[in-house]
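Single-structure report; data block below.
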Number of protein chains: 2
Amino acid sequence: MIQAKLNTNWELGFHTEKDSLPLEWNPASFPGAVQLDMLHTLEEPDWTRSDGFRQFRWMEDVWWTYKTSFNRPSLSGSERLFFSSKGIDYAFIISLNGRVLLQQEGMFRHVDLDLTTRLEEKNDLRIQIAPVPKSHHEGDDRSQANRAFKPAVSYGWDWHPRLVPLGVWDETSLEIRRDFIHEVRTRYSLDDSLESADLTITGRASSGVQSLSVRAEFKGMTVHLKEFEQEAGEFRESIKLEDIKLWWPAGLGEPDLYELVVSAFDAEHHLIDEQRSTIGFRKIRLVRNTGTEQEDPGFPKSRLLPPITLEINNRKIFAQGSNWVNPEVFPGMISDDRYRELLELATGIGFNILRVWGGGIVNKDFFHEWCDRNGMMVWQEFPLACNDYPDDDSYLFVLKSESRAIIERVGQHPSTVLWSGGNELFNSWSGMDDQSLPLRWLNSICLELTPEIPFIPTSPLEGIGHGHYLFYDPLSNEDICQIMARSNHTALTEYGVPSPSDAEIIRRIIPQEEIFPPSPDSMAWIVHHAFKSWQDDTWLCPEVIEKYCGKSRNLEEMVERGQKLQAAGYRFIFEGARQKWPYCSMAINWCFNEPWPAAANNSIVQYPALPKPACDSIREACRPVMASASFPKYQWQAGEILKFDLFILNHSCTDTPAGKMTITVNGVEIRTWEFEEVKGNTVLKGPQVEFLVPTQDRDQVIADMVIALKVQGHPEWDSIYELPIEA
Amino acid sequence: MIQAKLNTNWELGFHTEKDSLPLEWNPASFPGAVQLDMLHTLEEPDWTRSDGFRQFRWMEDVWWTYKTSFNRPSLSGSERLFFSSKGIDYAFIISLNGRVLLQQEGMFRHVDLDLTTRLEEKNDLRIQIAPVPKSHHEGDDRSQANRAFKPAVSYGWDWHPRLVPLGVWDETSLEIRRDFIHEVRTRYSLDDSLESADLTITGRASSGVQSLSVRAEFKGMTVHLKEFEQEAGEFRESIKLEDIKLWWPAGLGEPDLYELVVSAFDAEHHLIDEQRSTIGFRKIRLVRNTGTEQEDPGFPKSRLLPPITLEINNRKIFAQGSNWVNPEVFPGMISDDRYRELLELATGIGFNILRVWGGGIVNKDFFHEWCDRNGMMVWQEFPLACNDYPDDDSYLFVLKSESRAIIERVGQHPSTVLWSGGNELFNSWSGMDDQSLPLRWLNSICLELTPEIPFIPTSPLEGIGHGHYLFYDPLSNEDICQIMARSNHTALTEYGVPSPSDAEIIRRIIPQEEIFPPSPDSMAWIVHHAFKSWQDDTWLCPEVIEKYCGKSRNLEEMVERGQKLQAAGYRFIFEGARQKWPYCSMAINWCFNEPWPAAANNSIVQYPALPKPACDSIREACRPVMASASFPKYQWQAGEILKFDLFILNHSCTDTPAGKMTITVNGVEIRTWEFEEVKGNTVLKGPQVEFLVPTQDRDQVIADMVIALKVQGHPEWDSIYELPIEA
């Protein structure tokens, strides 16, 4: 138990040689980053403006030293002084009074150093941080990260500036502790009916302990208590909980949690130490998608598609959600409040899953605790992305240690339902494959530590789709409706539609004189991902906005139109994937949030936590029960025959009664559909509707056709779509 | 070191209850099987005749006890008496003088029991064998094997009778030993140039040892010797060998081997123990197939195909070979001579790989030693096949122990180039998938023990083909040429063409009165896999023989024609796969051998080791350098236009010079091809040849068109094909 934390003032300085000393020292904040402690040295303090982020570039290639000094605290008999950190980024050496205590490569392992026996009257504690790890120096890009177990995204991505954080990024302190119980681990197994759980609690007690108790609490009430004599040494206790409440993902039940408290008592039965952990009981399987259980007829035979349907507590789930990326360029800046704001937005949309994308960091504890409490499923990737990570021993050594630390951080959370080795590793732009030792090792270590959680080596796998990332693809001359119409995927785990950010954001980051019209040669627009980020005009795509909405007269109009297209596109995708349930079992868009103010991005939430209109349209598309339609294309011409299919999507747990749907176009009823009962977790496909696209007023370049599906007695299931008609 | 083996007489009896005793005892032979010791009890001694194998059926469900008695041998100071066995099938209990020494489930773990301290004047040693493991008793089929780590094939397959062996199946003895060195393991790593090897030898020495030596020998010459003081305890020595000779697969270089000898000496420098092991230095990778390195254009993106090209010592290899199955129903009967005969046949054909199919046993040591010495690559599957092996703890416990034992047996052999979890596990008829814990554990244990050997979870994987297994498929109305023409696989790892066995074999196993014409209702033909084995008329396929060759007048004619069709079909397949190199990197036919006299089978070698004519045609198709053609179909009609492509296949290590090929049909020259130099390991595609199929003599129902490719100056590269013309 922590008795007290020492107030310490840390200072930071840089040096060009490992063994030299900083010329000057600056006040340092924990958690943070070396860059954040140097903000006062920037010429342009708002580094998010224009290419201000480049001011940090020189900081990558120097050494950094943090230091603090403190007097020996007075410690009672069993008290010890620890230096404890949940994360230091990336390779570092910790020394006390000139003596090296730890040398480590890897930002995810907890550091926990007992300083007690090494203390002097006056103490000098230092953390020396090595320069940013780079496998080469030919050009600043993500391939420099391919020998480090460090998020590749900060080396530069099509929506992330080149800005590589270093330094103390998670909770860190000098603390006086009296620890009597150590390495407490709880494992459980559920009976087949999922009604009872057998728990095994293991750990180690220090001398001074006379007895231990294990207490299970549910909503603050003790539901099980067991006390037993225990002297110093390892312990292993089993308890059985009957009539358990399961942890359910949002929308399918309560995400019920238990607290497990292990308490240590001394000979006088005084409480001397206590460790709490949270447990959520759930059974996870990754199962074959319905419709993929049989081979095609004929020979030769190949294999069936890999499974990608999440089954929680024996119920198959349509996973709808988003790709989570770093909410800050500097992970040290991510606060609990930022996590809460973003996660509440995600839940509010109706999402039940977040894919924590492998290009970014592993999140801090608060993120996972929030997901546990709110039934948000987490697909956790290891920090490998779009690179060829090697088989060599030095990389594998770090990978093995760091992945164990990540599994310790994340694997005990009931919200963790899937491990993945990383992002797009089996694609040409990465170059890894099934034989790559890093992925074989990750599979192996996940199996050893959390056999109850499925593991996939990467996404996409066969049958899974990544992309498209555009509303309209000029290469294939298809819009998002056309792409969805031909999609036959078991899961869409990345796909997106871009939009400009709000005009106020753009005005803050782009110099006034370059704002409108946006030029593909404007450096400020370029570095904020409006142009040349991925393909030529991504992510702003002004020609696409013009194609569907006409010429914009000013920034505000262009932004409004671009965001409207994004909102429309995302709705088609989410509904389109749901319509294909249970063959398709996931719709996870690229991406949810963003780490800094982009000028344009596929994200649906702008930095720091501002929803785009797409959040509303996706909320519409994610209602548990709803009327839905699938359109073969987006834009129409007068006189064309529009045919579209009708659906009732029921991803709730309850059956919905038979009813009647009325379909109108521009307010005129064109057909009705008397539909039968729809079982929970089922999609009912209805009849095809066919009608002639009406002629529009010649004055309008582009007008909208409003198609409404109205369900008698259930206005909350109604759906309204707007499709443009080209004059 | 073994000092002596005790002569022991073993006896065997059965009992219906675990704890009862046999009513009578029969002499037992080691290695063997309980069934073989009971042969004298059979009514029909030739159990391979008709359905004679059914006489063994009752033996599955009783208990068996082996026993022997022996007097305490006189043992000098450091001598010990061991009961040692390389394999006892399947679940058993070993007891000495009524006291249980070992209880084990699993036939691949070596048993090594030190009996010394438990010996009495007269000793009674027993091995109690449990009944055949079965997960259910509803019908005799392979699904009964789905909870056991035991070859599923013996539960009945479409070419294997239902006959499940039990008992002592590998070398077993009571031996007096003096062991001073234990658990010797050698690991090596090669430098990038593959010119030197760093070896690490670890082990444990017993008390009495004063020094150890490590000696490396090459072709009987000592190339490295290191001696060092060593007392009791663990040791770890490193040596470096320079200018090493690599182990190469057959046809690509010498399969050079080193011997590593660890010797123990006492205080007087007397040799007191010695352990020898064989090492072959090779680097193995499983790499992406050429032409699969880039995604198709367009979105969504999926993953690239898994790699299936073997690269040995940095050279990509076209793997040509066959599926190896049990050469005997009773593995205890497989002798070194049987292995040698069969393996010499395989090498003689030009094969460089055997897939040791997961439905069968793991072979005895001689098999692997022979493959080491002769450059035959071994793809070793674990004994899982066509079943859904469970995630439950009791199965996983056996799997983990037994798979470690298999890796110990097989993994040190240089010929072992690929692990596979088992056969067709990702198909609907098995039901496992990427999440199945048995396969995740096998991957993990292989990685831990032999990270240098690639692992695939099963075959087929995406891109790999299994089947077809017929010369002509009535369902798709395609012959083997047509199927090969549309095949676009990275590897063909199972495919076959059936044929009848030699008439003499058939006359031995089918009652005289049922022999001709073969009736699909004849029980003897059916149980010998001529009918109803897989599809209706497999494997005899009399209608296909008639379709291409006309009505047969007697057994001998039908056999000759069926074997001719098989020979032709296999040739098209092997050449067809080679023509697609390097996109296609493997041609491994189903199957090489067979465990008993089948009436008809896809095998190319008949029981026990009699080659079919297909061996000759495949030898033609597997010549390192050869002229080759691909035909769009097999049978032609007069007046059709036959178009076929020409190739030079060069899978040798050397470039072949430019030259000239002349193509004749029925002796008439129809075209020449002046071809350029062909690099080693390369296929050159030539022009398309086109000609009018000639009219045949009206009297002949079917006549052959003889197409010859002749290469000037290289008759050994010539190829001649016969295609039938239907009148």
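Please treat every number below as a calculation from the coordinates, not as lab data. Keep in mind that this is a model prediction, so the values were computed, not measured. A quick note on method: Cβ atoms are made from the backbone with ideal geometry, for glycine too, and the neighbour counts reach across all protein chains shown.
Sort shortest first the distances from A:Ser519 to its counterpart in every other copy, using label points 7 Å along the Cα-to-beta-carbon line, and give them in nm.
Reported distances to equivalent positions: 9.4 nm.
Let me know the shape class of the protein assembly as shown, please: from the alpha-carbon gyration tensor, a ≥ b ≥ c as square roots of the eigenvalues, rounded when a/c is under 1.5, otherwise prolate if a/b is greater than b/c, or oblate. The partial results should precede the final answer.
Values: a/c = 1.71, a/b = 1.21, b/c = 1.41.
Cα axes put the protein assembly as shown in the oblate bin.
Just to be sure I understand the model, the point goes 7 Å from the Cα along the line to the Cβ. What's the resulting A:Arg57 to A:Lys400 distance in nm?
Here the answer is 4.0 nm between the modelled labels.
What does the C-alpha gyration tensor say about the overall shape of chain B? Classify as rounded when a/c is under 1.5, otherwise prolate if a/b is larger than b/c, or oblate. Walk me through the intermediate numbers first.
Working: a/c = 2.20, a/b = 1.38, b/c = 1.59.
It comes out oblate by the Cα gyration axes.
Work out the length of the dipole vector of chain A about its Cα centre, built from +1 on the beta-carbon of each Lys and Arg and -1 on the beta-carbon of each Asp and Glu, and round it to the nearest 20 debye. Each step should come with its number before you reach the end.
On the way: 71 positive and 107 negative charges, 132 e Å.
In debye, rounded to 20, chain A gives about 640.
Using 0.36 nm per residue, how much length does the chain from A:Ala267 to A:Arg486 gain when fully extended, once their Cα-Cα distance is taken away?
On the way: separation 219, 0.36 × 219 = 78.84 nm, distance 7.15 nm.
Contour length minus Cα-Cα distance gives 71.7 nm.
Taking the beta-carbon count within 10 Å as an exposure proxy, list A:Val329, A:Val668, A:Val693, A:Val209 from fewest neighbours to most.
Values: A:Val329 25, A:Val668 9, A:Val693 17, A:Val209 22.
Ordered from fewest to most neighbouring Cβ atoms within 10 Å, A:Val329, A:Val668, A:Val693, A:Val209 come out as A:Val668, A:Val693, A:Val209, A:Val329.
Find, among the trypsin sites (Lys or Arg not before Pro) in the range A:147-244, those assigned to loop by DSSP (not H, G, I, E, B) with at most 15 other beta-carbon atoms within 10 angstrom.
Numbers: sites: A:Arg147, A:Arg162, A:Arg177, A:Arg178, A:Arg185, A:Arg187, A:Arg204, A:Arg215, A:Lys219, A:Lys226, A:Arg236, A:Lys240; in loops: A:Arg147, A:Arg162, A:Arg178, A:Lys219.
Passing both the DSSP loop test and the Cβ count: A:Lys219.
Loop-only chymotrypsin sites (Phe, Trp or Tyr not before Pro) in the range A:416-484, please: DSSP not H, G, I, E or B, and at most 14 other Cβ atoms within 10 Å. Show your work: numbers first, answer last.
Working: sites: A:Trp419, A:Phe426, A:Trp429, A:Trp441, A:Phe455, A:Tyr469, A:Phe471, A:Tyr472; in loops: A:Phe426, A:Trp429, A:Tyr469, A:Phe471.
In loop regions of the range A:416-484 (DSSP not H, G, I, E or B), the sparsely surrounded chymotrypsin sites (Phe, Trp or Tyr not before Pro) are A:Trp429.
Take B:His182 and A:Arg72, extend 7 Å from each Cα along the Cα→Cβ direction, and tell me the distance between the two endpoints in nm.
It works out to 4.9 nm between the two label points.
What order do you get for A:Asp536, A:Asp502 when you list them from fewest to most C-beta neighbours inside 10 Å?
On the way: A:Asp536 11, A:Asp502 17.
Final ranking by Cβ density, sparse to dense: A:Asp536, A:Asp502.
If the reach is capped at under 17 angstrom between alpha carbons, list the lysines near A:Lys283, excluding any in the same chain fewer than eight residues apart.
Candidates past the 8-residue exclusion: A:Lys240, A:Lys245, A:Lys316.
How well do other chains shield peptide A:478-484, expressed as the mean number of their Cβ atoms within 10 Å of each residue Cβ?
On the way: counts 2, 0, 0, 0, 0, 3, 0.
Rounded to a whole number, the mean comes out at 1.
Rank the residues B:Met377, A:Met221, A:Met626 as a footprinting-exposure proxy: fewest other Cβ atoms within 10 Å of their Cβ go first. Don't skip to the end; give the middle numbers.
On the way: B:Met377 25, A:Met221 7, A:Met626 22.
Ordered from fewest to most neighbouring Cβ atoms within 10 Å, B:Met377, A:Met221, A:Met626 come out as A:Met221, A:Met626, B:Met377.
List the lysines whose Cα lies under 22 Å from the Cα of B:Lys612, skipping any in the same chain that are fewer than 8 positions away.
B:Lys547, B:Lys551, B:Lys564
Specify whether the C-alpha gyration tensor of the range B:572-667 places it in the rounded, prolate or oblate class, a ≥ b ≥ c being the square roots of the eigenvalues: rounded for a/c under 1.5, otherwise prolate if a/b is larger than b/c and oblate if not.
Numbers: a/c = 2.24, a/b = 1.41, b/c = 1.59.
Verdict is oblate for the range B:572-667.
How much net charge surrounds B:Ser95 when only other residues with a Cβ under 14 Å from its Cβ are counted (Lys, Arg +1; Asp, Glu -1)?
Numbers: positive: B:Lys18, B:Lys67, B:Arg99, B:Arg118, B:Arg126; negative: B:Asp19, B:Glu120, B:Asp124.
So the surrounding residues net to +2.
A:Asn26 to A:Gln3: FRET efficiency via 1/(1 + (r/R0)^6), r the Cβ-Cβ distance, R0 35 Å, to the nearest 0.05? Could you put the intermediate results ahead of the total?
Values: r = 31 Å, r/R0 = 0.88.
That gives a FRET efficiency of 0.70.
Would you compute the Debye intensity of the range A:181-284 from its alpha-carbon atoms alone, equal scatterers and no solvent, and pass along log10 I(q)/I(0) at q = 0.10, 0.13, 0.16 Å⁻¹ to two decimals?
Values, matching the q order: -0.30, -0.48, -0.69.
Could you tell me the center-to-center distance, by alpha carbons, between the range A:541-556 and the range B:28-59 in angstrom?
Between the Cα centres of the range A:541-556 and the range B:28-59 lies a distance of 85 Å.
Can you list the aspartates and glutamates whose alpha carbon is less than 13 Å from that of B:Lys532, not counting same-chain residues fewer than 8 positions off?
Of all the aspartates and glutamates, those that pass the test against B:Lys532 - Cα under 13 Å, at least 8 places apart if same chain - are B:Asp158, B:Asp521.
Across the residues of A:425-436, average count of Cβ atoms on other protein chains within 10 Å? Write out the running numbers ahead of the final one.
Details: counts 1, 6, 6, 8, 3, 2, 3, 1, 9, 12, 11, 1.
Across the residues of A:425-436, the mean count of other-chain Cβ atoms within 10 Å is 5.
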